[in-house]
1. How much length is gained if the chain between Ala296 and Ala335 is pulled fully straight, taking 0.36 nm per residue apart and subtracting their Cα-Cα distance, in nm to one decimal?
2. Among Gly30, Ala76, Gly165, which residue has its Cα positioned farthest towards the positive end of the charge dipole of the stretch 7-194, with +1 placed on the Cβ of Lys and Arg, -1 on the Cβ of Asp and Glu, and the dipole taken about the Cα centre?
3. In Å, what is the Rg of the alpha-carbon atoms in the stretch 212-495, and how long is Dmax?
4. For the stretch 127-134, just list the computed ³J(HN,Hα) in residue order, Karplus coefficients 6.51, -1.76 and 1.60, θ = phi - 60°, integers in Hz, with x standing in for Gly and Pro.
5. What Kirkwood hydrodynamic radius, in Å, does the stretch 68-122 give when the mean of 1/r is taken over all pairs of distinct Cα atoms and then inverted?
6. Within a Cβ distance under 10 Å of Glu255, other residues only, what is the Lys/Arg minus Asp/Glu net charge?
7. Rounded, prolate or oblate, given the Cα gyration tensor of the stretch 225-354, with a/c below 1.5 counting as rounded?
8. Considering the zone a paramagnetic label at Ser417 would reach in this model (a point 7 Å from Cα along the Cα-to-Cβ line), which residues of the stretch 233-257 have amide N under 18 Å from it?
Amino acid sequence: MKPRAGGEILAANLASLAEVQPELADLLGGLALEAGQEAYETLPTPSGAPTARWRGRLVHSAYDPRGEARRLVEAALPPGTDTAVILGSGLLYAAEEALATAGVGRVIVCEAEAPRLVASLAARDLRSLLADGRLSWMAGGEAGALLLALESAEGGGRRLAGLVGQKALEDLDPAWYGEVRAAFDRFAAKEAINENTLRRFGRLWVRNLARNAGPMASLPGIATLAERFAGLPALVLAAGPGLDLVLPRLAELRERLLLVVVDTALRSLLAAGTEPDFLVVVDPQYWNWRHVADLAAPGAFLVSESAVWPPVLRAPTRGTFLAASLFPLGRALDARRPGGGEGRGLLGAGGSVATSAWDFARLLGASPLVMAGLDLGYPGGQTHARASLFEQRALTTATRLGPAATSQAGALFGAGSRRVASTEGSTVLSDQRMLLYAWWFESRLARKDAPPTSTLSPGGVAIPGLPLVALESLLALPPRRREIDACLETAARLALSELGRESGEGALAELLSGLDGIAQRAEEGERAARSAREALARGGDPAPFLALLGETDAFLHGNEFRDVVGFFLPPLRELVDRIPRDLAESLELSASLYARIAASARENLGFLDLHRGAE
């Protein structure tokens, strides 16, 4: 007969869990009452910490299970890691060690079978662990839910997640844990791309933000449009090849649906004789501005972000709405404007303007949403709609020895291309970058508050939660343009609610003063660290300098502009690439860190001073 999980240990653990996660505690408590519920067989070890067997298989070290968990965690979580994903519960030593790791703010324990999690809670006293609000759980279900769990912690800053594998526990259900690993790899790939993008474009974003500081103060946020189009259907148009299938009927579709278009698709819409209702431009690069630079859409509203190429905000449109900045400098400026900060309204950042456009349509309250041109692949060997700048540039720059097909081939086969399932049940060529966007949509569409969304691209990448819909079904919808136009009139009035340039100049002055203060204190800290090291080397007393370093650290940690300065700094794992062997090495490392902080503050000041001088 199988041993039953239960008893006083389980009851105490469930009571502790119920304080922070009552629904999970109720679920596990119900499973514990089922007949035949299995339990871990616990065994003593020389280290004093018990180990365990499951169905006769040892799942932790027979000698030092806690030490084993500590080594796994240390290897998987480099300095700077703030999110730990643990594969398998067992006796939860790995979760305890991860929570004890400096800087870790969240631990997600993934267990393939909820009854096995019950067995974990019945095996040892875990009350202090279970009461820790940083701990969350994935108990069975779709492995893709890990993406939701990881992305729910997203903020404006960079994050580093680590995966702690436990082979003996993973072997109990290798297929499920393999899927969880794949989901984690998707997230890690996106984070790596984000970090590389930051390294490449971070200073461009800050330059743009400095130049846009004035307009930022006078433009309303997208939050003012929230739910203004509730219940109205919307068509979100991206620039993939599938857009060409829709363009001939676009005028008819406009009578029935709100039109939200991404910048790269605007040229195609105008060539088809139709203006959008909203134009979404969020990419800060100059070449992205070129997609709209020579175009006019005076009847459309611009939806943008404060780090875009500055001429974007001067485009002749019906009005402009800004999303809350994703970058620390933008957030600092926004926080000092009336109704600023996240009050502007955040847009989801999945790496593609199409992700932002979908999230904007969701914010409007529009429902259902239909995507066109969201292929995220290369159906028929095409990369973009025929009228897009990408396609036109390839054609106009083609030569006899370098035809347009050569340029397309580079796009098709230059980024880890592979064939994946398409919406029509066949396969389509895609690549790693496009699939990251697909995973973003998959994770967002799985949320309870996601509006029903479908796609008009039969050759696009198949995305769970994004069914294919026939164009004819949209043409059969009743006309709604009169209602849509009435809502757009409201948007026009809101677009005129300027806040005044003075608040922007005041915010800029405050920011300049704050950054200068950080630079000065960091330079003082560098000098103090070097003086302390010199005093130590000659046998003197470093205590006065150490006290000054403590004051400097307190000032920097508590400074409201620290994230602005930190934006230019590399990840902590690069700044602190070794553990100091003694106080002298620690002081040398501190001096180097203070110097980097001061240099970052001065660089930000340089960008902002250039803006002020230009004004």
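Quick note: the coordinates plus some simple rules give every number you see, no bench work behind them. Keep in mind it's a predicted model, so treat the numbers as computed, not measured. Every residue, glycine as well, gets a Cβ built from its backbone with ideal geometry; the counts of neighbours run over all protein chains shown.
1. 10.8 nm
2. Result: Ala76.
3. 18.3, 58
4. 4, 5, 5, 5, 7, 6, x, 7
5. When all Cα pairs of the stretch 68-122 are included, the Kirkwood radius is 11.4 Å.
6. Value of the local net charge: +4.
7. It comes out prolate by the Cα gyration axes.
8. Those under the cut-off are 240-242.
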